Amino acid sequence: MYTLPSTVLFATLSIVGFILLIKSITRLTAIYATAPKVEWIAQSPACYFDLRDPGIYEISVIRPSLFGVIPKQIPFEVLDRQAEKSIAVENYNFLLSGSRDMSGNRIVPIAEFTIDQPSTFRLFNPANDDFNQTDKLLIRPKVGITGVFSILAVVFSGILFIGGSIVFIITLVKP
């Protein structure tokens, strides 16, 4: 049998879990959904785009199909058009990571580059024939470990909210 202090404790855990769940979902949305991104057809030889925030950006392939080899070691060239300087692009050797968007498309990071100031950029894709007709390229900020921690925060706060709510309801029913 549960006592009044345990009922208050589980109600508090449920409320704290709910508040943390809302905050962690908001943070996760800010990281993945509202981050600036540039998307275009992968068979296009060049793309012009603006980036306002300094940082590390990933070049990813968006492929609608579940299967198929994603091209790697593409010799991308990124040019800062305002400073008229080339920016180094590092290709990923292993294409093991990836995700899916809401449409079920595979998103596989294949390279990254770093910018230190806002500017207008040009990405040249000399291997545009290596891509399928439906492939797209995506440039977005690299999320890294922040994304992993945000996902774990959603899971933890969800468990806290649901678990606290269930035990709170059980304490109110009193068999």
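The values are calculated or read from the model by the stated rules, or taken from the named source; none is laboratory data. If you're wondering where the values come from, they're calculated on a predicted model, not measured in any experiment. So basically every Cβ, Gly included, is an ideal-geometry build from the backbone, and we count neighbours across all protein chains shown. Surface areas here come from the heavy atoms of the whole protein model, side chains and all, with no ligands, DNA or RNA. Shrake-Rupley method; radii C 1.70, N 1.55, O 1.52, S 1.80 Å.
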With every protein chain in place, the accessible area of Arg106 for a 1.4 Å probe, in Å² rounded to the nearest 10, comes to 40 Å²
Per-residue accessible area, 1.4 Å probe, largest first, puts Asp101, Asp135 in the order Asp101, Asp135
Nearest 10, in degrees from 0 to 90: the angle of helix 4-32 to the longest Cα principal axis of the chain is 10 degrees
Whole-percent carbon and sulfur contribution to the accessible surface of segment 4-173 (1.4 Å, no ligands, DNA or RNA) stands at 65 percent
Under a 1.4 Å probe, counting only protein heavy atoms, Lys174 has an accessible area in Å², nearest 10, of 110 Å²
Helix 145-173 sits off the longest principal axis of the Cα atoms of the chain, rounded to the nearest 10 on a 0 to 90 degree scale, by 20 degrees
Quick calc, the chain, dipole around Cα centre from Cβ unit charges on Lys, Arg (+) and Asp, Glu (-), nearest 20 debye, gives 700 debye
Per the charge dipole of the chain (beta-carbon charges, Lys/Arg positive, Asp/Glu negative, Cα centre), the residue among Ser99, Ile145, Phe156 reaching farthest to the positive end is Phe156
Restricting to Cα pairs under 8 Å and 6 or more apart, the percent relative contact order of segment 1-137 works out to 36 percent
Distance in Å, no decimals, from the C-alpha centre of segment 50-65 to the one of segment 1-40 is 28 Å
Given the candidates Ile115, Leu28, Ser86, the one whose Cα lies deepest towards the positive end of the charge dipole of segment 1-130, counting +1 at each Lys or Arg C-beta and -1 at each Asp or Glu C-beta, is Leu28
Shape call for the chain, from the Cα gyration tensor axes a ≥ b ≥ c (a/c under 1.5 means rounded, otherwise prolate when a/b beats b/c, else oblate), comes out prolate
